[in-house]
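The values are calculated or read from the model by the stated rules, or taken from the named source; none is laboratory data. Just so you know, these numbers come straight off a predicted model, no measurement behind them. All Cβ positions, glycine included, derive from the backbone under ideal geometry; neighbour counts span all protein chains shown. Side chains included, ligands, DNA and RNA excluded: accessible areas come from the protein's heavy atoms. Shrake-Rupley method; radii C 1.70, N 1.55, O 1.52, S 1.80 Å.
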There are 2 protein chains.
Amino acid sequence: MPDTKITAKRGRPRAFDRDEALAKAQLLFHAKGYDALSVADLTQALGINPPSFYAAFKSKLELYDEVLRRYEKTNGLDVDTALAPGTPLPDGVAKLLRYAADAYARGGPCGCMVIEGARGTADPQAGQKACARMEASRAYIREKVVVLDAKNAEICSDYIMMSFAGLSASARNGMSTERLRVMAAIAADGFSSYLEKDV
Amino acid sequence: MPDTKITAKRGRPRAFDRDEALAKAQLLFHAKGYDALSVADLTQALGINPPSFYAAFKSKLELYDEVLRRYEKTNGLDVDTALAPGTPLPDGVAKLLRYAADAYARGGPCGCMVIEGARGTADPQAGQKACARMEASRAYIREKVVVLDAKNAEICSDYIMMSFAGLSASARNGMSTERLRVMAAIAADGFSSYLEKDV
DNA sequence: TTATTTTTGTATCAGGCACTACACAATCCT
DNA sequence: AGGATTGTGTAGTGCCTGATACAAAAATAA
């Protein structure tokens, strides 16, 4: 009976750690963006040659897509906690924006990789990949908001995404986490006021 | 006595209208961004050949800088009106964000050329040019805010710039002017609440 | 006319980009 | 051992980028 081991290894073994390389690539893409990071930069940083790179990751674009999904797992905001059922919507928005403020300047002034990649990426395919991930996030947030306040779900998710973009941009401009938190709180207060008028 | 005419023309006259070309280049840079717009794209759109392009504009980078300044003149927000002396700061912020909402989706989903160019531009020199213009705008706004409320000038200008970035990103994502205005009003309300707590 | 200056079109340039052909090396399976 | 399979290093592919060399053309100045 054949061994059902996941890493069915036949042939010459890979000389580098693929996951480690993926983590490094994530940091590089996050810091420099898709266009400004060349395959030559990557191979040099990873200490490998182009054929090894393409054997492991297929192409720059596929690596980017894989990195985007990894980023969501490692750096994704805890939407479920922020918008847990039963949470008053204003509190949920405040929490979520606070999470973003905490995250976007962590480990350097890089903002959100998905949001930054969704715009300003010259390569159309890469931009589309990032846009797709951003839309998925928006949809997930909207889904959670609907449970809390179906009537305001659209405007709420729009406002959250806009605030994310503003916070991400500010973070990339060097704003401190402390100051980002203040910005997030102010923005959240605005949505709170909006709901009060409405109800 | 020599003619002091500004257009002292000697030699073969230019076969195209430089200002017109500048306006076209502005639209193109605004729509596609610095990196995604090649010199070949430009020369083709302008109906000229590379040597004519370089004779008129020196380089892609210098044209971009010229376009950025032209953009500020043609599409710049009326900060002086929004933040005129005597205006209550919350009203000024609301006006300014409203202006941005009105402007960012005008003529297509392009957002603010300066803000979008300041990030996400792979070419470091071009990114620096856009960043410099954005910093100049921030400084100008802060200067006007100081007159209205010196104590809150820093946090206010930070919040305005963050909101601009959020609005610009949303506009580029296709948000309508109508919806952008709602977003701007909500964001402005947040700053209003912040000031009320503080005073 | 003749000289000078500037623009124009043709045909490139060198350099960086993502990516690969090829032969060899290193492992597993029989 | 021998065959199959997979990764690696050297070297290079074609393509697109921003930018030019060059000579002819079109204007002014003397």
With every protein chain in place, the residues of segment B:103-122 shedding 30 Å² or more of accessible area versus the chain by itself (probe 1.4 Å) are B:Arg119, B:Gly120, B:Ala122
Quick calc, segment A:77-198, dipole around Cα centre from Cβ unit charges on Lys, Arg (+) and Asp, Glu (-), nearest 20 debye, gives 300
Helix B:177-198: inclination vs chain B longest Cα principal axis, degrees, rounded to 10, gives 50
Whole-Hz Karplus couplings 3J(HN,Hα) for segment B:95-107, θ = phi - 60° and coefficients 6.51, -1.76, 1.60, Gly and Pro as x, run 4, 5, 5, 5, 4, 4, 4, 5, 7, 6, 10, 6, x
Simple spin-label estimate for B:Ser176/A:Glu62, 7 Å along Cα→Cβ, in nm, reads 4.2
Excluding ligands, DNA and RNA, the carbon-plus-sulfur percentage of the accessible area of segment B:18-71 with a 1.4 Å probe reads 51
Regression test value, accessible area per residue of segment B:1-155, probe 1.4 Å, units Å², expected 56
Ordered by number, the trypsin sites (Lys or Arg not before Pro) in segment A:105-158 that occupy a DSSP loop and have at most 16 other Cβ atoms within 10 Å are A:Arg106
Interchain or sequence-distant (5+) residues whose placed amide H lies within less than 5 Å of the amide H of A:Ala84 are none
With label points set 7 Å from each Cα along the Cα-to-Cβ direction at B:Lys151 and B:Phe16, the distance between them in nm comes to 5.6
For A:Lys95, the aspartates and glutamates lying under 19 Å Cα to Cα, once residues fewer than eight places off in the same chain are dropped, come out as A:Glu72, A:Asp78, A:Asp80, A:Glu143, A:Asp149, A:Glu154, A:Asp158, A:Glu178, A:Asp189, A:Glu196, B:Asp189
What the Cα atoms of the protein assembly as shown span along the principal axes, largest first and in whole Å, is 102, 59, 33
Treating only Lys and Arg (+1) and Asp and Glu (-1) as charged, each at its beta carbon, one finds that segment A:35-97 has a dipole about its Cα centre, in Debye to the nearest 20, of 140
Zone reached by a paramagnetic label modelled 7 Å from A:Ser38 Cα along Cα→Cβ, restricted to segment B:92-128 with backbone N below 16 Å, covers B:122-125
Relative contact order of chain B (C-alpha contacts under 8 Å, at least 6 apart) in percent is 23
Phi-derived 3J(HN,Hα) across segment B:119-129 with the Karplus relation (6.51, -1.76, 1.60, θ = phi - 60°), rounded Hz, x for Gly and Pro, is 10, x, 8, 5, 5, x, 5, 5, x, 5, 4
The size of the Cβ-based charge dipole (Lys, Arg +1; Asp, Glu -1) of segment A:58-136 about the Cα centre, to the nearest 20 debye, is 160
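Ignoring everything except DSSP H segments at least 4 long, calculate the 222 nm mean residue ellipticity for the protein assembly as shown; use -39,500 (n - 2.57) per segment, divide by total residues, nearest 500.
Computed mean residue ellipticity for the protein assembly as shown: -22500 deg cm²/dmol.
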With a Förster distance of 51 angstrom and the Cβ-Cβ distance between A:Arg142 and B:Asp80, calculated FRET efficiency to the nearest 0.05 equals 0.85
If amide H atoms are modeled at 1.01 Å from N in the peptide plane, then the residues at a separation of 5 or more from B:Ala122, or on another chain, having amide H under 5 Å from its own are B:Asp35
Given all pairs of distinct Cα atoms, chain B yields a Kirkwood Rh in Å of 18.5
